[in-house]
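For reference, the structure discussed in these notes is given below.
Quick note: the coordinates plus some simple rules give every number you see, no bench work behind them. This structure is a prediction, so every number in the text was calculated from the model and none was measured. Neighbour counts run over all protein chains shown; Cβ positions are idealised from the backbone, glycine included.
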């Protein structure tokens, strides 16, 4: 699938990275929750004092460790762990970040570990993500839900925006081809049938939408 205009080669949002770069990263230990294969952690590694990436998938962590070693990033380490269950305090983070791995539990744990003035920043799927399938992701957030969560956790929002791209197709075939990489996943969760029905009824779009947020602990 071709990259969106607002994405880097690693699929990271440039505006999100700019929000992080505005902080004194060279003085900070950053915790990347739900790091996966470490794409965000590895992008931040050269800029930060230290980065810790945590993910419950051991295979992804093994891959991330290999990538860090290949890049010569001695200040980046990866740990297997469930970021919705574990306490973040042992990692001693001064900033918590999450890229397409967001939940209320993550925000709550970030709030517990961060001190006044420290940053929690994330990219989450927006509720409009793949809205043509008629089924929002359980990991998605709308603006109101995100604001309420962060307020409850004691954060002040400094930046909140929706990155949205709506692809338009001339035919059903084009629309199906654009989603082919998602077909098996969507068949498993019931989205594929709904997307095909949307197209059969004349729809010709596919929406990608993400919520980009930077908040600071009060």
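Label reach from residue 27 (point 7 Å along Cα→C-beta): in segment 111-151, amide nitrogens under 15 Å belong to 115-119.
The listed peptides 151-157, 178-184, ordered by packing as a protection proxy, come out as 151-157, 178-184 (highest mean of other Cβ atoms within 10 Å first).
Computed from the Cβ-Cβ distance with R0 of 22 Å, the FRET efficiency linking residue 180 to residue 59 stands at 0.35. Highest-first packing order for the peptide set 167-174, 108-115, 58-65 is 108-115, 58-65, 167-174, based on the mean count of other beta carbon atoms within 10 Å.
Under 16 Å from a label point set 7 Å out along the Cα-to-Cβ vector of residue 145, the amide N atoms of segment 78-112 belong to 100-108. Once the C-beta distance of residue 92 and residue 162 is scaled by a Förster radius of 30 Å, the resulting FRET efficiency is 0.40 to the nearest 0.05.
Helix 58-71 and the longest principal axis of the C-alpha atoms of the chain enclose an angle of approximately 70°. Round to the nearest 0.05 the FRET efficiency obtained for residue 201 and residue 138 when R0 = 25 Å and r is the Cβ-Cβ distance. After rounding to 0.05, the efficiency reads 0.50. The relative contact order of the chain comes to 20 percent, based on Cα pairs under 8 Å that sit 6 or more residues apart. When the chain is fully extended, how far beyond the present Cα-Cα distance does residue 193 get from residue 108, taking 0.36 nm per residue of separation? Full-extension gain reported as 27.0 nm.
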